[in-house]
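> Pasting a structure here, questions to come.
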Amino acid sequence: MKKPRAPSDVAREAFMRLVDRHLAPTPSNYQACYNEIAGLPNYPSFPEVPLRELASDLVAHNPTQEEALGALSVAIGQRSWQGVREALTLFAGAGAPANGALPGVLSDELAQGLARFIESMLPALGDEGGRVIALAGELGATLSQPSPATAAVQGGIARLAQQVSQAAEEQVEIKGALLKLLHLIVENIGELSIDDSWLRGQIDGLLASIAPPLDLRHLDEMERRLRDVIEKQARAKARTVEAQAEMRQMLGEFVGRLAAMSASSSAFEGQLISTAERVEQVEHIEELRPLLSEMVSAAHAMADDAASSRNQLKALQDKVAATEAELIQLHKELDNASALARHDPLTDALNRKGLDEALIREIASMRRKATALSLSLLDIDNFKKLNDSFGHEAGDGALVHLANVVRANLRPSDTLARYGGEEFVILMPDSSVEQGVEAMTRLQRELTKAIYLTGSERVLITFSAGVTQLALDEESGTDALRRADQAMYLAKRAGKNRVMSA
């Protein structure tokens, strides 16, 4: 193995080589000769100034790149090529995409995700977005290419976003115009209605349901209520037609009976005139007896006929009154159909019947979509004490207050129902049991902020709640409610104003 030469020897020989080669005694020439003699790689002199300028142009986008720029500055100060190389390598690696995509292009995974998003967005635009569909097709073609260029995708997205914005604004205007037309038509129908209070109730409900913002669940509920009213309306209409026929028949009988009474009266009058003429011709008192008997018999017959007519007219009158009462009852049922069918009249929450229907609907949706469905059973704490202290009217007000606070904090997709007494049920689709517990805890905080006033008294209302998540198998709503009730009982036992899960 060749023994390395002493640096001093190498330095002396480097100076001699500068002289032999007639080279200027500059540091770079001396360094080149020294490296050549020592067998070292000959790097050019360290470019500190250009490297400083390069470092100042680099912009860090994350903590790792900031660390790399700090290391680069130190390496330049130490004139260390190795340090510079390591710092630049760290900086470049920290800025590269995790999936290995090249700069200026999208990863295939991101491109496929964007393509799926655009494809799922198009149906919402309907059949009127021809230009939007064309631009979406162009962008889809760009995204389907391997590692599409970022600039091309950005341009396509910008053009598509502009068209989608215009189409969405147009759809909003169209929807508003259609709602305005529907509102006018419904109001006009109400003005044409003279004294149909049940029709006015339907119109008021329909106007409320089409008032922005539209809610599919509210519209669905309104549809069911209207169908219930329409069914009762059909029954009332059919019975009204029958009653009209009966009235016509009774009126005919009444007119016939009056004619018969008139004819009977005319006959009796004729008989009286005839008898009076015969009385004038009587010469002996014995001849009056048969005439008087005849008159008495005619009078009795007239009285019997009048009594019979009176009884028949009374029966007709009673029948008319009964038919009228039946029609009034049918119209009352029609008036109350919407309110009594599925809503609690005090709190306007769903009643038990409405809850049963909502459970069937939400459970079917949960199993069809394979999503979560949680429900909460909550009970007002110390409700009996509140009733005893302030009266039942205050208790009813507390129920209404709670229902209003719950509705103000529910999502549009949630459903509130009065389960009975001071108990309420809340259905929470697309929510796990943990999310349900969090929602009920948040509701407790909001209820604490909304102090209930009864007269001049400020009353703090709290509730205990049990939350459960329905199983995706064949668990029924009744079983889930039973589990929620058990959890609510545990919350009561734990000190009230608590939320427990089951």
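> Taking the range 440-493 only, how many residues are farther than 30 Å from A370 by Cβ and open to solvent by 70 Å² or more (accessible area, probe 1.4 Å)? Reasoning before the result, please.
If we filter the range 440-493 for residues that are farther than 30 Å from A370 by Cβ, which is where we start, we get 444-464, 489, 492-493.
Cutting the leftovers down to open to solvent by 70 Å² or more (accessible area, probe 1.4 Å) gives us 445, 449, 453, 455-458, 460, 489, 493.
Total meeting the criteria: 10.
> Is it true that some residue in the range 379-401 is in contact with a Lys or Arg (Cβ under 9 Å, 6 or more places away or on another chain) and under 17 Å from R482 (Cα atoms)? Walk me through how you get there before you give the answer.
First, the residues of the range 379-401 that are in contact with a Lys or Arg (Cβ under 9 Å, 6 or more places away or on another chain): 379, 381-382, 395, 399.
Add one more test, that the residue is under 17 Å from R482 (Cα atoms), and what stays is 379.
Yes - at least one qualifying residue is present in the range 379-401.
> For Q145, work out the one condition from (1) open to solvent by 60 Å² or more (accessible area, probe 1.4 Å); (2) more than 30 Å from G70 (Cβ to Cβ); (3) part of a helix (DSSP H, G or I); (4) at pLDDT 70 or above it doesn't fulfil.
(3)
> Out of everything in the range 342-362 that is under 23 Å from R483 (Cα atoms) and open to solvent by 20 Å² or more (accessible area, probe 1.4 Å), what residue ends up being nearest to the chain's Cα centre (by Cα)? Walk me through how you get there before you give the answer.
Of the range 342-362, the ones under 23 Å from R483 (Cα atoms) are 349-362.
From what's left, open to solvent by 20 Å² or more (accessible area, probe 1.4 Å): 351-353, 356-357, 360-361.
Numbers: N351: 19, R352: 20, K353: 20, D356: 18, E357: 16, I360: 17, R361: 14 Å.
For the range 342-362, the residue satisfying everything is R361.
> Within the range 442-481, restricting attention to residues that are among the small types (G, A, S) and assigned to a helix (DSSP H, G or I), which residue is nearest to I363 (Cα to Cα)?
First pass over the range 442-481, keeping only residues among the small types (G, A, S): 450, 455-456, 464-466, 471, 476-477, 480.
Those still in the list that are assigned to a helix (DSSP H, G or I) too: 477, 480.
Details: G477: 8, A480: 11 Å.
The residue in question is G477.
> Then there is this: Which numbered condition trips up D379, out of (1) surrounded by 14 or more Cβ atoms within 10 Å (Cβ to Cβ); (2) part of a helix (DSSP H, G or I)?
Of everything listed in (1) surrounded by 14 or more Cβ atoms within 10 Å (Cβ to Cβ); (2) part of a helix (DSSP H, G or I), D379 misses just condition (2).
> Filter the range 349-376 down to the residues that are assigned to a helix (DSSP H, G or I) and free of Cβ contacts under 8 Å to residues at least 60 places away in the same chain and list them by number.
Within the range 349-376, the first condition is being assigned to a helix (DSSP H, G or I), and the residues that meet it are 352-369.
Within the range 349-376, K353, R361, A364, R368, K369 meet the criteria.
> Going through the range 410-441 one residue at a time, which ones are charged (D, E, K, R) and either part of a loop (DSSP other than H, G, I, E, B) or within 15 Å of R498 (Cα to Cα) (or both)? Walk me through it before giving the result.
Initially, the range 410-441 is screened for residues charged (D, E, K, R), giving 411, 414, 418, 422-423, 430, 434, 438.
Across the range 410-441, the qualifying residues are R411, D414, E422, E423, D430, E434, E438.
> Let me ask something additional. (1) surrounded by 13 or more Cβ atoms within 10 Å (Cβ to Cβ); (2) modelled with pLDDT of 80 or more: which one isn't true of V105, the others all being true?
Unmet for V105, out of (1) surrounded by 13 or more Cβ atoms within 10 Å (Cβ to Cβ); (2) modelled with pLDDT of 80 or more: (2).
> While we're here: Every residue in the range 423-439 that is hydroxyl-bearing (S, T, Y) and crowded, with 21+ Cβ neighbours inside 10 Å, please. Before the answer, list the steps.
We begin by selecting, within the range 423-439, every residue hydroxyl-bearing (S, T, Y); these are 431-432.
The one that is hydroxyl-bearing (S, T, Y) and crowded, with 21+ Cβ neighbours inside 10 Å: S431.
> Hey, could you check the range 59-89 for residues that are farther than 16 Å from E48 by Cβ and not in a helix (DSSP H, G or I) and say which is most open to solvent (accessible area, probe 1.4 Å)?
Top of the filtered list is H61.
> Within the range 472-484, is there a residue that is farther than 16 Å from L359 by Cα and under 26 Å from the mean Cα position of the chain (by Cα)? Quick ask: steps written out before the conclusion?
Going through the range 472-484, the residues farther than 16 Å from L359 by Cα turn out to be none.
Checked against the condition, which is being farther than 16 Å from L359 by Cα and under 26 Å from the mean Cα position of the chain (by Cα), the range 472-484 yields no hits at all.
> Taking K496 and the conditions (1) touching a residue at least 40 places away in the same chain (Cβ under 8 Å); (2) loosely packed, with under 15 Cβ neighbours inside 10 Å; (3) closer than 16 Å to H401 by Cα, which numbered condition does it fall short on, given that it satisfies the others?
So the condition that K496 fails would be (3).
> Let me ask something else. For the range 424-455, which residues satisfy the criterion of being within 18 Å of L346 (Cα to Cα) and modelled with pLDDT of 95 or more?
Taking the range 424-455 and keeping what is within 18 Å of L346 (Cα to Cα), we get 424-426, 452-454.
Residues satisfying the conditions are F424, V425, I426.
The values are calculated or read from the model by the stated rules, or taken from the named source; none is laboratory data. Note that the coordinates shown come from a computational prediction; the quantities given were computed from them, not determined experimentally. Backbone-built Cβ (ideal geometry, glycine too); neighbour counts: all protein chains shown. Please note that ligands, DNA and RNA were not included when accessible areas were found on the heavy atoms of the full protein model with its side chains. Shrake-Rupley method; radii C 1.70, N 1.55, O 1.52, S 1.80 Å.
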